[in-house]
1. What number of residues in the range 81-102 are in a strand (DSSP E or B), over 14 Å from Leu60 (Cα atoms) and in contact with a helix residue (DSSP H, G or I) (Cβ under 9 Å, 6 or more places away or on another chain)?
2. Please work out which residue is farthest from the chain's Cα centre (by Cα), limiting yourself to the range 6-56 and to residues that are aliphatic (A, V, I, L, M) and assigned to a loop (DSSP other than H, G, I, E, B).
3. Just to check your reading of the model, which residue among Ala62, Ala68 is without any contact (Cβ under 8 Å) to a residue 60 or more places away in the chain, among the aliphatic types (A, V, I, L, M) and surrounded by 15 or more Cβ atoms within 10 Å (Cβ to Cβ)?
4. Which of the residues belonging to the range 4-27 are more than 18 Å from Pro49 (Cβ to Cβ) and either at pLDDT 95 or above or of a type in the set (A, V, I, L, M, F, W, C) (or both)?
5. Exactly one condition in (1) under 22 Å from Lys44 (Cβ atoms); (2) without any contact (Cβ under 8 Å) to a residue 12 or more places away in the chain is not met by Arg88; state its number.
6. Being out of contact with any Cys (no Cβ under 9 Å at 6 or more places or on another chain) and surrounded by fewer than 15 Cβ atoms within 10 Å (Cβ to Cβ) narrows it down to one residue among Asn118, Asn78; which is it?
Amino acid sequence: MPTIELTCISCPLGCPLKVETDQDGKVLGVTGNTCKRGEDYGRKEVSAPTRTVTSTVKILGAAAPVIAVRTKTDIPKNKIFACMDEIRKACVKAPIHIGDVILADIAGTGVPLVATANAEKSA
């Protein structure tokens, strides 16, 4: 049975995980974790890895040229490059506030891209 070795990123401990799978890739068990989050991370990372994407989007009419953004929840790892392509093309107008939706459905994931900073109109 194949074993995949990972370092858990669920908390600062960084536990060394071993995820045992069958020949079809189905997770049979996780060892090395010191908490439940580690087991959950190992199972998810092997079967359906996801990530939160953080970046910046161009903004018009504000003092700064960009505003910080992030996906509201995790997106499939294989959608990161498509997500970044949409982020690079995006441009918003001030004012923008924390939590404002910048893109409603980033890269067809169903996940919104939201602002993580405030940007008022420049005087």
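1. So the answer is 0.
2. It comes out as Leu13.
3. When all the criteria are applied, what remains is Ala68.
4. Leu13 - this is the single residue of the range 4-27 that is more than 18 Å from Pro49 (Cβ to Cβ) and either at pLDDT 95 or above or of a type in the set (A, V, I, L, M, F, W, C) (or both).
5. For Arg88, the exception is condition (1).
6. Checking each option against the conditions leaves just Asn78.
The values are calculated or read from the model by the stated rules, or taken from the named source; none is laboratory data. Just so you know, these numbers come straight off a predicted model, no measurement behind them. Because the Cβ atoms are built from the backbone with ideal geometry, glycine has one as well, and the counts that use them run over all protein chains shown.
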